[in-house]
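The structure under discussion appears below in the form of structure tokens.
The values are calculated or read from the model by the stated rules, or taken from the named source; none is laboratory data. Computed from a predicted model, the values in this text were never measured in an experiment. Note that each Cβ is placed from the backbone with ideal geometry, even for glycine, and that neighbours are counted across all protein chains shown. We work out accessible area using only protein heavy atoms, side chains counted, and drop any ligands, DNA or RNA first. Shrake-Rupley method; radii C 1.70, N 1.55, O 1.52, S 1.80 Å.
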Amino acid sequence: MGRRPVTVRLARWSAEHPWRAIALWVVFVAVCFVGGTAAGLNEATDADQAIGEFGQAELIVDSGGFHQPATENVLITARSGALDPAAAKAAAQDATDRLRQVDGVASVGTPLPSRDGGALLVPITMAGDPETAGDRVQPLRDTTARVQEAHPQLRVEQVGGPSIDKALDDTLGKDFKRAELLSLPVTLAILIIAFGALIAAGVPVLLALSSVAAAMGLSTLASHLVPATDTTASVILLIGMAVGVDYSLFYVRREREERAKGRSGLDAVEIAAETSGHAVVVSGTAVIISMGGLLLAQDAIFSSLAVGSILVVAVAVIGSLTVLPALLAKLGRWVDRPRVPLLWRLTAPRTGRHGQPAAPRFWPAVLRPALRAPVATLLISVALLLALAAPALGMKLKFPGAEDVPRTTAAMQAYDRLTAAYPSNGTNHTVAVRAPADQADRVRAALTGLAGRTATDPLFAPAEGDGPEIRVSADRRVSVLEVATPYASRSAEASRSLHELRDDLVPAALGGIPGVEYAVGGGVAASEDYADHIWAKLPVVAAFVLALTFLVMAWTFRSVVVALTSILLNLLSAGAAYGLLVLVFQGEWAEGLLGFTSMDAIVTWLPLFLFVVLFGLSMDYHVFVVSRIREAVDRGMPNREAVAHGITSSAGVVTSAAVVMVGVFSIFATLSMIDFKQLGIGLAAAILLDATIIRAVVLPSLMTLLGDANWWAPRFLRRRPTVPPAEPPPAPAPELVGAR
């Protein structure tokens, strides 16, 4: 007898020494988490995240060493009709007097009337670190509220970066708290329905949560090599819960099946390790490869997400191969306790002829068209998916702007009134210039002339007050000018104003200065430059993921055809998800249904991230299903019956895993920010399509059509002859016998 696979040897040791395995896992998780906490998080800097000309502008500004304090404003407008100048002046003086007494206020400026006389603005400069201004702005907001009480005939509001940050943090904090409170009960409820027993439902959640905790600590340690961003922890939680639940669900379901056939506890664990455990390793490898492709984007955000995702997937795989067998061996038949009476009768493993799992009648009915008319079924299903993917050809990428932030907060409503009365306080372009110190006067003159030219151009908004403010660094080498546009950051006019600056106005103003270096940044520039970056990197990342996934699948299944069809099916799934995103979010028909305002674009970072996540997670199902089909073929079952057996025997667990993912991802679609809505809808829809149409219609029709050609491989890749397992081949479902 040959050497047993490593998955079996690990599982057997864990099953024979369950307390040691459980103790080692607890120590591992604790050491990772505590070690990461002690090491502290190393966050990415602006230099790490510099992309394109926008990034170059940021680096130039940073090199100037400017002290840029946080600023706030008190906006005074009429509740209706024209603004009473005397009343507004009195309110402005009251606000000034009160705010000067507030701790954290460095200075209060002279009130500034709007050009049309409809508003009065009191500028405030805050003391302290501008990065923490949002945490310290509440006393200022309270003071402004008291001014409002004293002048009820006017509208007195506070608006500025810190107060908007505070309002958004409060909104997002409530959103995430609701999502966290919902995700765990939703996952548990779905697993209880899938297993019909509380302990069996709790085991996958336990493994997923412990994997996330360990990966959080490891990612904190890894941040000292690859700096982390503020989204890393959220992605670790998202991916960790998805794969952790999936892997243990596959494993536990197979172990229960084998026990239902009469196997001993140890034998059941070994068979689960040899089959589902092997599938988990292959699937985890595919996910790690997909996430590793993000490193090729050469982007601090994606690199951080890649490292966090790789770590949590690797930990989940290790846990499913070690502590999970120990838990199952220790629990034994207690894993099916306490039972939920009705659900248990519906979900308990049943055996049919020859001791094989009995398939529900639903899945044979779904498979019948694919097995009886594979050509027609394949053509129709692929045509439908391609039609769904077609809108992706018109995908546009943009960063969300201030106009995409929910208007449910008073701060954003005040922001709208501020930008209407003072357009230069809205969308701004940053002209950053670096030149020798002896050229500082020429740079200032050039920037002053540039501001004058933009003041007469309808694409730009003239500066308020005494004219343009040009900031100059202490060493006179760096100069910065903010050029405002009255248009929203995602508008075509804002884009044209950026290109007019970059292509014409700035080069004309600064081009003749010796040793000059300049760049135009700002929110509009960040959106366009990052979109260009994503379009440039997406083919590179996709090629890497496709090539390595092909090699892993070909080696695992010893079949070039299976590897190729795996790639094609996952591309089809990703394309359909892209098309669905464009249909939903680049149009307006779903705004009322999902509670968003269309930005006529997809969030810039989403397509690349969605591709690698979907490609990795889709492989979970594909590997598990094809492994079952291959098992049946190796036992001598004809191809058509093997396809039917593999899909019907895995349908329950694949459906349960997909429902868990769809449930958790759908919660993200309820959040306020458009980024999370698009992410949640994109992931949920793609997983649903993949687990239903792809796995239950396209895959069986394609594998039925290909027949024995499914397993073709060049000589060097072919399997060595093996002795078939000592059990009869599984019988096909009675409903499918006539489909030959």
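Things worth noting here:
- Of all residue pairs spaced 6 or more apart or on separate chains, those with beta-carbon atoms under 6 Å, a first member in the stretch 525-543 that is over 24 Å from His499 (Cα atoms) and a second member that is open to solvent by 20 Å² or more (accessible area, probe 1.4 Å) and in a helix (DSSP H, G or I) are Val540/Leu296; Val541/Leu296.
- Candidates Arg407, Arg453, Arg476 - the one that is without any contact (Cβ under 8 Å) to a residue 60 or more places away in the chain and within 28 Å of the chain's Cα centre (by Cα): Arg407
- Residue in the stretch 257-274 that is under 29 Å from Leu182 (Cα atoms), in contact with a helix residue (DSSP H, G or I) (Cβ under 9 Å, 6 or more places away or on another chain) and either assigned to a helix (DSSP H, G or I) or modelled with pLDDT of 85 or more (or both) present: no
- Taking (1) open to solvent by 20 Å² or more (accessible area, probe 1.4 Å); (2) in contact with a helix residue (DSSP H, G or I) (Cβ under 6 Å, 6 or more places away or on another chain); (3) closer than 16 Å to Thr77 by Cβ; (4) part of a helix (DSSP H, G or I) in turn, Gln148 satisfies each apart from (2).
- Conditions (1) among the polar types (S, T, N, Q); (2) closer than 24 Å to Leu614 by Cβ; (3) open to solvent by less than 10 Å² (accessible area, probe 1.4 Å); (4) at pLDDT 85 or above: number failed by Ser219: (3)
- Taken together, the residues in the stretch 617-639 that are under 29 Å from the mean Cα position of the chain (by Cα) and not small (Gly, Ala, Ser) amount to 9.
- Of all residues in the stretch 103-114, those that are more than 16 Å from Leu154 (Cα to Cα) and without any contact (Cβ under 8 Å) to a residue 40 or more places away in the chain total 8.
- Sole residue being under 28 Å from Pro341 (Cβ atoms), surrounded by 18 or more Cβ atoms within 10 Å (Cβ to Cβ) and of a type outside the set (D, E, K, R), chosen from Val159, Val203, Val212: Val203
- Pairs, first within 21 Å of Val313 (Cα to Cα) in the stretch 599-620, second at pLDDT 90 or above and among the charged types (D, E, K, R), C-beta under 9 Å, six or more apart: Leu608/Lys537
- Close pairs from the stretch 141-168: first farther than 22 Å from Gly118 by Cα, partner of a type in the set (Val, Ile, Thr), Cβ under 6 Å, at least 6 apart: Thr143/Val102; Pro162/Val137; Ser163/Val137; Lys166/Val137; Ala167/Thr409
- Residue under evaluation Ala411, criteria (1) open to solvent by less than 30 Å² (accessible area, probe 1.4 Å); (2) modelled with pLDDT under 80; (3) under 30 Å from Gln148 (Cα atoms), criterion not met: (2)
- Every residue from the stretch 50-82 that is touching a residue at least 12 places away in the same chain (Cβ under 8 Å) and of a type in the set (S, T, N, Q): Gln56, Ser63, Gln68, Thr71, Asn73, Thr77
- The residues on offer are Thr71, Thr96, and the sole one that is open to solvent by 20 Å² or more (accessible area, probe 1.4 Å) and polar (S, T, N, Q) is Thr71.
- Check on Asp404, among the acidic types (Asp, Glu) and surrounded by fewer than 17 Cβ atoms within 10 Å (Cβ to Cβ): no
- Scan of the stretch 103-135 for residues that are under 24 Å from Gly81 (Cα atoms) and in contact with a helix residue (DSSP H, G or I) (Cβ under 7 Å, 6 or more places away or on another chain), ordered by number: Pro111, Ser114, Gly118, Ala119, Leu120, Val122
Conditions (1) crowded, with 21+ Cβ neighbours inside 10 Å; (2) assigned to a helix (DSSP H, G or I); (3) of a type in the set (A, V, I, L, M), marked per residue:
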{"position": "Trp19", "(1), (2), (3)": "no, yes, no"}
{"position": "Gly35", "(1), (2), (3)": "no, yes, no"}
{"position": "Ala47", "(1), (2), (3)": "no, no, yes"}
{"position": "Val61", "(1), (2), (3)": "yes, yes, yes"}
{"position": "Ile76", "(1), (2), (3)": "yes, no, yes"}
{"position": "Gly81", "(1), (2), (3)": "no, no, no"}
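- Filtered residues of the stretch 63-74 (kept if more than 30 Å from Arg155 (Cβ to Cβ) and assigned to a loop (DSSP other than H, G, I, E, B)): Gly64, Gly65, Phe66, His67
- Single unsatisfied condition, Thr132 versus (1) part of a helix (DSSP H, G or I); (2) of a type in the set (Val, Ile, Thr); (3) over 35 Å from the mean Cα position of the chain (by Cα): (3)
- Checklist (1) in contact (Cβ under 8 Å) with a residue 60 or more places away in the chain; (2) more than 30 Å from Thr604 (Cα to Cα); (3) open to solvent by less than 10 Å² (accessible area, probe 1.4 Å) applied to Glu258, failing item: (1)
- Counting only helices (runs of 4 or more DSSP H) wholly contained in the stretch 487-599, the ones carrying 2 or more residues that are buried (at least 22 other Cβ atoms within 10 Å of the Cβ) and modelled with pLDDT of 90 or more occupy 492-500, 506-510, 523-557, 560-585.
- Any hit, the stretch 229-244, residues being over 22 Å from the mean Cα position of the chain (by Cα) and modelled with pLDDT of 85 or more: no
- Pairs, first over 23 Å from Ala133 (Cβ atoms) in the stretch 84-102, second open to solvent by 80 Å² or more (accessible area, probe 1.4 Å) and of a type outside the set (Gly, Ala, Ser), C-beta under 7 Å, six or more apart: Ala87/Gln153
- Only listed residue being under 21 Å from Ile687 (Cα atoms), among the β-branched types (Val, Ile, Thr), at pLDDT 80 or above and surrounded by 21 or more Cβ atoms within 10 Å (Cβ to Cβ), chosen from Val323, Val382, Val313, Val307: Val313
- Filtering Pro338, Pro369, Pro364 for residues that are out of contact with any Gly (no Cβ under 7 Å at 6 or more places or on another chain), open to solvent by 40 Å² or more (accessible area, probe 1.4 Å) and either among the hydroxyl-bearing types (Ser, Thr, Tyr) or at pLDDT below 85 (or both) leaves a single hit, Pro338.
- Against the numbered list (1) of a type in the set (A, V, I, L, M, F, W, C); (2) open to solvent by less than 70 Å² (accessible area, probe 1.4 Å); (3) in contact with a strand residue (DSSP E or B) (Cβ under 9 Å, 6 or more places away or on another chain); (4) closer than 30 Å to Tyr530 by Cα, Leu41 comes up short only at (2).
- Scanning the stretch 631-679 for residues that are among the small types (Gly, Ala, Ser) and surrounded by fewer than 22 Cβ atoms within 10 Å (Cβ to Cβ) yields Gly636, Gly652, Gly663, Ser666, Ala669, Ser672.
- Yes/no for Asp230 being acidic (Asp, Glu) and either assigned to a helix (DSSP H, G or I) or free of Cβ contacts under 8 Å to residues at least 24 places away in the same chain (or both): no
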